[in-house]
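Report on the structure given below.
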Amino acid sequence: MQLNFDGQVIAANVATRTITGLVVPFAKVGNTSAGPVRFNFGAFGDIDPSQIVLNSEHDRTRPLGRGIGDSLEVSPAGISMAFKIAPTNAGNDALVEAAEGLRPAFSIEAKVNEYTIEKGVMVVASANLEAVAHVTNPAFKDAQILEVAATEETPETTEAEIPAEDEPQEITVDEVTTPVADEVTAAAVVHAAAPVAYVKPRSPINSQATYLEHSIKAKLGSHDSAQYVMAADDSFTTNPAFTPVQYVNQVIDTSIGSRPAIDAIGSRAITASGMVISHPKITTSGTVADTNEGAAPSETGIVSSYVNIDVNKFAGMQRYSVEILERSSPDFFQAMVDNMTRAYNKATDAAVIAELTAGGTAAATQAATSAGIIAYVSTEAPAAYLATGELATAYIAGTSQWSLLMGATDSTGRPIYNAYNPMNNGGVAGPQSLRGNVLGLDLFVDSNAVSTTIDESAFIVVPSSVAIYESPILRMSTNVVTSGEIETMLYGYLATKVLVAGGVRRFNLT
């Protein structure tokens, strides 16, 4: 685990290409990426300064120099050390930056062996010092560079004496002491033996470019960059560029596209042509009577007529740009067709409900109660049989009647239509299905029927007493040249008519 530690510079002195200072203080609390940390006196044990490499900003691929063997000083205040700076371009830059206070602090890299947690502070009792970094942004007041030294004189330099870019360059400046403000901050890396609480580190990420940079470095093993990326992701409010909107292809469509009335009655294929369908109907039936031997049989001629059914077109259109056509996801077209199909189903089913209302027969008045439903079925199912000679099979109900059925109870409070008791069950009506059974009739819950328990909120139907003819759903698209748009029309043809009024029994509220 890595911890960002803190420090500060006191002075810089250019003399012998050495940088000297306090690399880590004892008994001081520093804020790190794992929370507050304090090193006890003697926590680092034996240290060989000649094995400690000074690098730039914790990048071990950018070494600046090595510790001087006899420079180590350990006191209750902390560990001080001097570093011999290599005669490289980076070393020259480090001397100037330290002398000028531009990169003024030390930061340690240590492996923690033993520690305890005291009042939220990680107290390190044993650690190994592995490296020291020359850093820009310290935060610990006591980890200070005390002195910077290079050559003592500044010789005159002519144009001919300027070294080539690939040759080592020496810095020749006078000794100088530069005081630095008390509250400058630095960072250090500590490898902990066990996890501790996470505290967000100071992060250099301030753009998508720096985020990408540190994301790549983190994947290559940079612990610092991993901490920075974690810090950058901790607030979507401050980093909205890193939280793009994620779209899914599941479309929420609240339109109801079922056709319960048409499903209850059934439909037939529409004729190939014409806008009127003439349906034959017998209006006067022949008679048969008991006939004595030699007597003339009963003679009543049948009378027939045609019931004309108008063919109506149901159509809807969508207009969209050529950019949507060519550049959008195919999910757009699927959503558009699904939505238009739902609208077509709703319109055609509503037309059938309107025809049942206009052409059906009003039932005897009943109350909007469980007893009223029972009386409605027991009275109107026989009446439908008498009117058509066929049995009613469908109970088409609006949502209010559906609610009434689900809430219906007997005198003991037992649900009547969702008790699932085969010995005494009035039917089935539940919230998880639009199909059920009411006193032996097939229940079809239709959202296009009246949504309150009033007249025409339910129909008892003999399917053969209603004619429904329909075509397949068709689609046609055309270009609008003036605007470069495309128009898609979804349409179909429907013809519906109540053929026998007595075969449709409309609920009639008392």
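For this structure, a couple of remarks:
- Protection proxy ranking of 265-278, 357-370, 102-115, 402-415 - average other beta-carbon atoms within 10 Å, highest first: 102-115, 357-370, 402-415, 265-278
- Here's the picture: charge each Lys and Arg Cβ at +1 and each Asp and Glu Cβ at -1 in segment 364-510, and of LEU474, VAL498, ILE486 the one pushed furthest to the positive end of that dipole is VAL498.
- Label-point separation, ASN292 to THR136 (7 Å along Cα→Cβ), nm: 12.8 nm
- Accessible area (Å², per residue) of segment 19-119, counting only protein heavy atoms and a probe of 1.4 Å: 45 Å²
- Here the spin labels are modelled as points 7 Å beyond Cα on the Cα-Cβ line, and at TYR491 and LEU325 they lie 1.9 nm apart.
- Packing-based ranking of 430-437, 307-314, 346-353, 475-482 yields 346-353, 307-314, 430-437, 475-482, ordered from highest to lowest mean Cβ neighbour count within 10 Å.
- The length gained on full extension between ASN479 and LEU220, counted as 0.36 nm times the residue separation minus their Cα-Cα distance, comes to 87.9 nm.
- Against the rule of thumb 2.2 N^0.38 Å, how large the Cα Rg of segment 26-92 comes out: 1.29
- Separation in nanometres of the label points that stand 7 Å from Cα toward Cβ, at ASP48 and SER378: 10.7 nm
- Efficiency of FRET between GLN334 and ARG62 - r from beta-carbon atoms, R0 56 angstrom, step 0.05: 0.50
- Here's the picture: a label point sits 7 Å out from the Cα of SER285 along the beta-carbon direction, and within segment 439-477 the residues with their amide nitrogen under 20 Å of it are 461-467.
- √(5λ) per eigenvalue of the Cα gyration tensor, segment 408-509, largest first, Å: 41, 19, 13
- Cross-link reach is defined here as a Cα-Cα straight distance under 24 Å, omitting same-chain residues fewer than 8 places apart; for LYS313 the lysines meeting it are LYS346, LYS497.
- Summing Lys and Arg as +1 and Asp and Glu as -1 over all other residues whose Cβ lies under 13 Å from the Cβ of ALA350 gives a net charge of -1.
- Ratio Rg/Rh [Cα only; Rh per Kirkwood] for segment 367-465: 0.95
- Using a Förster distance of 25 Å, the FRET efficiency for LEU509-GLN432 (Cβ separation, nearest 0.05): 0.35
- If the chain linking ALA125 and MET317 were pulled fully straight, counting 0.36 nm for each residue of separation and taking away their Cα-Cα distance, it would gain 61.3 nm.
- For segment 380-510, a crude dipole built from +1 on the beta carbon of Lys and Arg and -1 on the beta carbon of Asp and Glu, taken about the Cα centre, is about 200 debye to the nearest 20.
- Rounded Å value of the spacing that divides the Cα centres of segment 454-482 and segment 346-383: 20 Å
- Probing with 1.4 Å while keeping every protein chain in the model, the per residue accessible area of segment 383-464 equals 47 Å².
- Just the protein heavy atoms count here, and of the accessible area of segment 318-397 at 1.4 Å, carbon and sulfur take up 58 percent.
The values are calculated or read from the model by the stated rules, or taken from the named source; none is laboratory data. These figures come from a predicted structure and were not determined experimentally. Neighbour counts run over all protein chains shown; Cβ positions are idealised from the backbone, glycine included. Each accessible area value is taken on the protein alone, full model and side chains, heavy atoms only, with ligands, DNA and RNA left out. Shrake-Rupley method; radii C 1.70, N 1.55, O 1.52, S 1.80 Å.
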